[in-house]
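To keep things clear, I will list the structure first and then write my remarks on it.
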Amino acid sequence: AFNLSSADTSHVADVLIGTVNETKATVEGLSTAFNFAGPAAAAAGLKFNDLSALIGVLSNQGIKFSTIGTSIRTILTNLVAPSSKAKEVFKQLGIPLAELNPLTNDIVKVFERLKAAGFGTSEALQAFGARGAFAIATVVRNAAAIEDLRKRTDEFGLAVEAADKRQESVSAQF
């Protein structure tokens, strides 16, 4: 879904290991959430590490991974093609739709823009309905944490470092 090649394997491993190490996410949970949200995220222009960071931050809220995946899919779908209710909420907040489309804007910047405009739980319910309200309110409130996690999991060598630590602990047992 993200047009990744075999050359991207170490980067993907770094992102996954970093997300698991830095959040309450598990590899199995990431897999579940990616299955639900991956195609929508790729279609909305997100990168692999963008989606991983969103999943990680939402996992810290104790949400089930299948719910995380469907919530992210709902959020992205409504940002790319907002419903009439969402358009009205964004208009009331004074946010042009062009500033909220993840196809043309960084997803964290979209969340920061919503936060700066005063987008909260009430607006989330109106714009995204019950299914996506909690998740969008959470990611808007935690935009800085998403950006931080995205940067930290994008570091080169996390997978190698984790493997070395695992090897050291195995060696120490013998």
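The values are calculated or read from the model by the stated rules, or taken from the named source; none is laboratory data. What you are looking at is a predicted structure, and each value in this text was computed from that prediction instead of being measured. Every residue, glycine as well, gets a Cβ built from its backbone with ideal geometry; the counts of neighbours run over all protein chains shown. Protein only, heavy atoms only, side chains kept; ligands, DNA and RNA dropped before computing areas. Shrake-Rupley method; radii C 1.70, N 1.55, O 1.52, S 1.80 Å.
Among the residues of region 6-16, the ones that are aliphatic (A, V, I, L, M) and open to solvent by 50 Å² or more (accessible area, probe 1.4 Å) come to 2 in all. Taking each residue of region 16-36 that is under 18 Å from Lys151 (Cβ atoms) and assigned to a loop (DSSP other than H, G, I, E, B) and looking for partners that are at pLDDT 95 or above and open to solvent by 50 Å² or more (accessible area, probe 1.4 Å) with beta-carbon atoms closer than 7 Å, six or more apart or interchain, yields Thr23/Asn60.
Listed here are the residues, each with its yes/no results for (1) out of contact with any Gly (no Cβ under 8 Å at 6 or more places or on another chain); (2) farther than 17 Å from Arg131 by Cα; (3) of a type in the set (Phe, Trp, Tyr).
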position: Ser31; (1), (2), (3): yes, yes, no
position: Ala37; (1), (2), (3): no, no, no
position: Asn49; (1), (2), (3): yes, yes, no
position: Thr67; (1), (2), (3): yes, no, no
position: Ser84; (1), (2), (3): yes, no, no
position: Asp106; (1), (2), (3): yes, yes, no
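Residues that are in a helix (DSSP H, G or I), open to solvent by 10 Å² or more (accessible area, probe 1.4 Å) and over 22 Å from Leu4 (Cβ atoms) within region 78-92 comprise Asn78, Ser84, Lys85, Lys87, Glu88, Lys91, Gln92, listed in sequence order. Among the residues making up region 33-70, a single one is within 21 Å of Asn101 (Cβ to Cβ) and of a type in the set (Lys, Arg): Lys47.
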